[in-house]
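Encoded as structure tokens, the structure appears first; notes follow it.
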Amino acid sequence: MRRVLVVIFLLCILTLLTSCFRKPLVLTLSVIPLGGGTVTGAGVYLKGDSVTVTANATECFMFTGWYDREDDTLVSEDREFTFTVQKGLQLVAKFEKAFLEVDFLLLGTNIAGCKYDVKIKVSERVTKIDFENKDEISFPKGEVFPDGTGWIRFSEFYTNPGVAKTTILAYTENTEVSFCNFHIEQGL
């Protein structure tokens, strides 16, 4: 019994000593550009801890990656990134605008609604857009793809009467990466 107690005592001492050698490491997070999104997961961790950092884009922006602030190298393109802490680290979540230019030009109104000429310039990372409120518009009813320069144009965008805004969803392949609400003129 005495040997068992000695072994337990030695294990406790060993655990106490090794925990003293595990220095706390600081993980700081920042955002570029300011206002492009929010981040979570910053804190003080011990070497070997598993950490998850999360980046959420604000309206009209999209997440582009986690970067090491020290040398500006890409660490991960995953919005939610899990890794094992090995050293103190400063990560930067980078965001960019998904919608660079949006113009709804009112062409006319009637009892059925409004007709617009639409021009939308999207980031080169955006491969298609769609409209969230399809019950309020009569065209387009499906996904719309940018041309080689990032422009999307159509002169037959129709809304139902009284529709004052539309929500555009941006995608990279089949993953939604951003949304943006746009107010549109209703006419007289």
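The values are calculated or read from the model by the stated rules, or taken from the named source; none is laboratory data. The model shown is predicted, which means the values in this text are computed figures rather than measured ones. Ideal geometry is used to build each Cβ from the backbone, glycine not excepted, and the neighbour counts take in all protein chains shown.
Here are the numbers for the structure shown:
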quantity	calculated
The stretch 37-73, subset polar (S, T, N, Q) and within 13 Å of the chain's Cα centre (by Cα), residue nearest to Glu101 (Cα to Cα)	Thr58
Yes/no for Val75 being touching a strand residue (DSSP E or B) at 6+ places or on another chain (Cβ under 9 Å) and farther than 24 Å from His183 by Cα	yes
Which listed residue is hydroxyl-bearing (Ser, Thr, Tyr), at pLDDT 85 or above and touching an Asp or Glu at 6+ places or on another chain (Cβ under 8 Å), from Thr127, Thr175	Thr127
Residue list for the stretch 70-80, filter: surrounded by 15 or more Cβ atoms within 10 Å (Cβ to Cβ) and outside any loop (DSSP other than H, G, I, E, B)	Val75, Ser76
Exclusive hit being modelled with pLDDT of 70 or more, exposed (fewer than 10 other Cβ atoms within 10 Å of the Cβ) and either polar (S, T, N, Q) or within 22 Å of the chain's Cα centre (by Cα) (or both), set Leu34, Leu29	Leu34
Output for the stretch 146-173, where each listed residue is loosely packed, with under 12 Cβ neighbours inside 10 Å and either within 17 Å of Leu100 (Cβ to Cβ) or touching a Ser or Thr at 6+ places or on another chain (Cβ under 9 Å) (or both)	Asp147, Gly148, Thr149, Glu173
In the stretch 111-135, the residues that are touching a residue at least 60 places away in the same chain (Cβ under 8 Å) and within 20 Å of Glu185 (Cα to Cα)	Cys114, Tyr116
Within the stretch 119-128, considering residues that are of a type in the set (Val, Ile, Thr) and assigned to a loop (DSSP other than H, G, I, E, B), the one surrounded by the most Cβ atoms within 10 Å (Cβ to Cβ)	Val126
Of all residues in the stretch 129-188 being among the aliphatic types (A, V, I, L, M) and part of a strand (DSSP E or B), the one that is nearest to the chain's Cα centre (by Cα)	Val177
Residues that are within 17 Å of Ala112 (Cβ to Cβ), in contact (Cβ under 8 Å) with a residue 24 or more places away in the chain and not small (Gly, Ala, Ser), drawn from the stretch 136-184	Glu136, Ile137, Glu156, Phe157, Tyr158, Thr159, Asn160, Pro161, Val163, Thr166, Ile184
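Condition check ((1) in contact with a Leu (Cβ under 6 Å, 6 or more places away or on another chain); (2) outside any strand (DSSP E or B); (3) buried (at least 17 other Cβ atoms within 10 Å of the Cβ)) across all residues:
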position: Thr82; (1), (2), (3): no, no, no
position: Gln90; (1), (2), (3): no, no, no
position: Lys94; (1), (2), (3): no, no, yes
position: Val102; (1), (2), (3): no, no, yes
position: Leu107; (1), (2), (3): no, no, no
position: Asp117; (1), (2), (3): yes, no, no
